[in-house]
Amino acid sequence: MNVERHADDGAAREARWFHRRGALAAGEWESVVDDGLPGWQHTGLRIGVVADGESLAVPEAGQERIVVPLAGRFSVEVIEGGAASTIELVGRRSVFDGPTDVLYLSSFAAATVRGIGRFAVASSPTIERRPSRRIAASETPVELRGAGSSSRQVHNFGTPEALDAARLIVCEVITPAGNWSSYPPHKHDEHVPGHESRLEEIYYFEAARTDRSVHGSLQGADAAFGLFSTYSSPAGEIEIDARVHSGDIALVPYGYHGPAVAAPGYDLYYLNVMAGPDPQRQWLISDDPDHAWVRDSWSAQPIDPRLPFPEGAALHDDESDGGGQR
């Protein structure tokens, strides 16, 4: 009986913090994470899909946001301070085709997204105002992190070093097939000045075959998968041990998280959205003491030679990757 109760408790904790593609659908959005979810308050995420001639209005409501094309190309109509402008985002065929243009929207801007494809909107509530700006793919700092089978590629377009934002920290990580990322397991749920910061975190996943025989990361790619784990820390109880597919979302309010594992034969992508209550916008982590030694071992290992991932050609005005298909 005790074993059954423990299993039930673990399943309940996973169900609260891990959501399959479409489980958080709201209105015209495929997925919505916001403060309407119990226990969630600092970060938000929307996943939208538009076909030719369609549009989605991005909620304003005192939030700073970053519009991230996942597959396709988009134009964003922005109204701020009584002035209107249209920002073109030259997208990509899939999340595995290199960095993309992104658009940071201030908490005072209203916006509507048009185009063909699939996009994400990361957000965090704030009353502070930072200037809206387009960040070109060529401006995005690309980091090769880890070594050996822990090698991964990080696009740091929304980190403190690359973007002036009030609270929001956003990046995307691409992990080659068979590799581990978000590793060693780490946490950021305590305010320890100079050592650790408090940050909620959202993981949005996509996976694709390494041979890309099925074009893009979502079309016909239901079989592609990775693995993701999160477990409890003194800040709270949480348990996620999930097989992740394209469109799935994991929420990490606290706890040690990692690894995210790309299965052999399948590359793994995730978009990370972070923000928290601390006075400074910092990403400071503490490794799980049992596994921290792994990070020290990287100095004797080379970066995985498959990195960096080759960049795909930019989409042209008359092209679509079909990202709007469901």
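The values are calculated or read from the model by the stated rules, or taken from the named source; none is laboratory data. Since the model is a prediction, treat every value here as computed from it, not as a measurement. Neighbour counts run over all protein chains shown; Cβ positions are idealised from the backbone, glycine included. For the accessible areas, the whole protein counts, side chains as well, though only heavy atoms, and no ligand, DNA or RNA atoms are used. Shrake-Rupley method; radii C 1.70, N 1.55, O 1.52, S 1.80 Å.
The figures follow:
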{"quantity": "Test: residue in segment 111-118 that is over 16 Å from the mean Cα position of the chain (by Cα) and outside any strand (DSSP E or B)", "calculated": "no"}
{"quantity": "Single residue of segment 92-110 satisfying the filter (among the small types (G, A, S) and within 17 Å of the chain's Cα centre (by Cα)) that is farthest from E30 (Cα to Cα)", "calculated": "G98"}
{"quantity": "Residues of segment 198-213 satisfying the condition of being within 25 Å of T159 (Cβ to Cβ) and among the hydroxyl-bearing types (S, T, Y)", "calculated": "Y203, Y204"}
{"quantity": "Members of segment 67-92 found to be touching a residue at least 60 places away in the same chain (Cβ under 8 Å), of a type outside the set (K, R) and surrounded by 20 or more Cβ atoms within 10 Å (Cβ to Cβ), listed by number", "calculated": "V68, L70, A71, G72, G91"}
{"quantity": "Cβ pairs under 9 Å, 6+ apart, first in segment 294-309 and within 19 Å of V95 (Cα to Cα) and in contact (Cβ under 8 Å) with a residue 24 or more places away in the chain, second open to solvent by 30 Å² or more (accessible area, probe 1.4 Å) and among the acidic types (D, E)", "calculated": "F309/D97"}
{"quantity": "Some residue of segment 222-232 being surrounded by fewer than 20 Cβ atoms within 10 Å (Cβ to Cβ), part of a loop (DSSP other than H, G, I, E, B) and modelled with pLDDT under 95", "calculated": "yes"}
{"quantity": "Subset tally (residues that are more than 29 Å from Q41 (Cβ to Cβ) and part of a strand (DSSP E or B)) for segment 119-142", "calculated": "1"}
{"quantity": "The one condition in (1) buried (at least 23 other Cβ atoms within 10 Å of the Cβ); (2) more than 15 Å from the chain's Cα centre (by Cα); (3) over 29 Å from E190 (Cα atoms); (4) modelled with pLDDT of 95 or more that S246 fails to fulfil", "calculated": "(2)"}
{"quantity": "Single condition L144 does not satisfy, out of (1) under 30 Å from S297 (Cβ atoms); (2) touching a Leu at 6+ places or on another chain (Cβ under 9 Å); (3) buried (at least 18 other Cβ atoms within 10 Å of the Cβ)", "calculated": "(3)"}
{"quantity": "Those residues of segment 19-50 which are among the aliphatic types (A, V, I, L, M) and surrounded by 16 or more Cβ atoms within 10 Å (Cβ to Cβ), in sequence order", "calculated": "L24, V32, V33, L37, L45, I47, V49, V50"}
{"quantity": "Residues satisfying the stated conditions in segment 94-110, i.e. assigned to a loop (DSSP other than H, G, I, E, B), free of Cβ contacts under 8 Å to residues at least 60 places away in the same chain and closer than 30 Å to P176 by Cβ", "calculated": "T100, D101"}
{"quantity": "Boolean, P289 is under 30 Å from A71 (Cα atoms), out of contact with any Ser or Thr (no Cβ under 7 Å at 6 or more places or on another chain), open to solvent by 80 Å² or more (accessible area, probe 1.4 Å) and not in a helix (DSSP H, G or I)", "calculated": "no"}
